[in-house]
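The block underneath contains the structure these notes are about, expressed in structure tokens.
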Amino acid sequence: MTRRLGLWCVLAAMLVLAGCGFGLRQPPKYAFASIYTNSSGVTGIELRRMLRSVDGLVLISDPARRQEAQVALDIMGEQRIRTVVGVNARGQVRELQLRLVVRFQLRTPTGKELIPMTELTQQRTLTFDEAFALAKEGEEALLYKNMQTDMVQQIMRRLEAVKSL
């Protein structure tokens, strides 16, 4: 009896999940088969790595072969900004704001803009203590790495959102 009840519960759960639109995440589908990118910064290196991992997508990074690609992803700039936002009574730094700004656009070889010039900004706050300066440098590097990974994911989602050339 308990076995039948368990079977009915599993069947009911399957029906509920099927009815709500649940589905496993599918690999991304892009409207283009080849992409050129001029990315050279730290974020650009991770972006090229992600683009290489996409099945069926050819990454072209040689400027001489730029015209062979269906689209060109131009990374116009990457900027890391470190700003002091808090000091103590003695004027020592207590809080920093870390920002990462990436500007990019996506175009066809004929110049048609698929994604116009876009600026993405990530920002994190870092508390600072002179006694732990070395540890805080490591934490800052980790925060920048986290922001960079998030930026690359955002760019990949925007590339996936392009529906037609």
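The values are calculated or read from the model by the stated rules, or taken from the named source; none is laboratory data. Predicted model only: the values in this text are computed from it and were never measured. Please note: Cβ atoms are built from the backbone with ideal geometry, for glycine as well, and neighbour counts cover all protein chains shown. For accessibility, only protein heavy atoms count, side chains too; no ligands or nucleic acids. Shrake-Rupley method; radii C 1.70, N 1.55, O 1.52, S 1.80 Å.
Miscellaneous remarks
- Members of the range 106-165 that are of a type in the set (K, R), over 19 Å from S40 (Cβ atoms) and within 16 Å of the chain's Cα centre (by Cα): R124, R157, R158
- For the range 118-129, the criterion of being open to solvent by 40 Å² or more (accessible area, probe 1.4 Å) and part of a loop (DSSP other than H, G, I, E, B) is satisfied by at least one residue.
- With respect to the conditions (1) outside any strand (DSSP E or B); (2) modelled with pLDDT of 90 or more, G56 lacks only one, and its number is (2).
- First in the range 51-77 and open to solvent by 70 Å² or more (accessible area, probe 1.4 Å), second anywhere and among the charged types (D, E, K, R) and modelled with pLDDT of 90 or more, Cβ under 8 Å, 6 or more apart: M76/R103
- For beta carbons closer than 8 Å, sequence separation of 6+ or different chains, a first residue in the range 93-117 that is free of Cβ contacts under 8 Å to residues at least 24 places away in the same chain and a second that is in a strand (DSSP E or B), the qualifying pairs are E113/Q105; E113/L106; E113/R107; P116/Q105.
- Residue match in the range 36-50 (condition: farther than 30 Å from D129 by Cβ, open to solvent by 70 Å² or more (accessible area, probe 1.4 Å) and of a type outside the set (A, V, I, L, M, F, W, C)): yes
- A Cβ distance below 6 Å, combined with a sequence gap of six or more or placement on separate chains, defines the contacts here; from the range 147-165, residues that are charged (D, E, K, R) reach residues that are open to solvent by 40 Å² or more (accessible area, probe 1.4 Å) in the pairs E160/P28.
- Each residue in the range 75-113 was checked for being part of a loop (DSSP other than H, G, I, E, B) and either touching a Leu at 6+ places or on another chain (Cβ under 8 Å) or not basic (K, R) (or both), and 9 pass.
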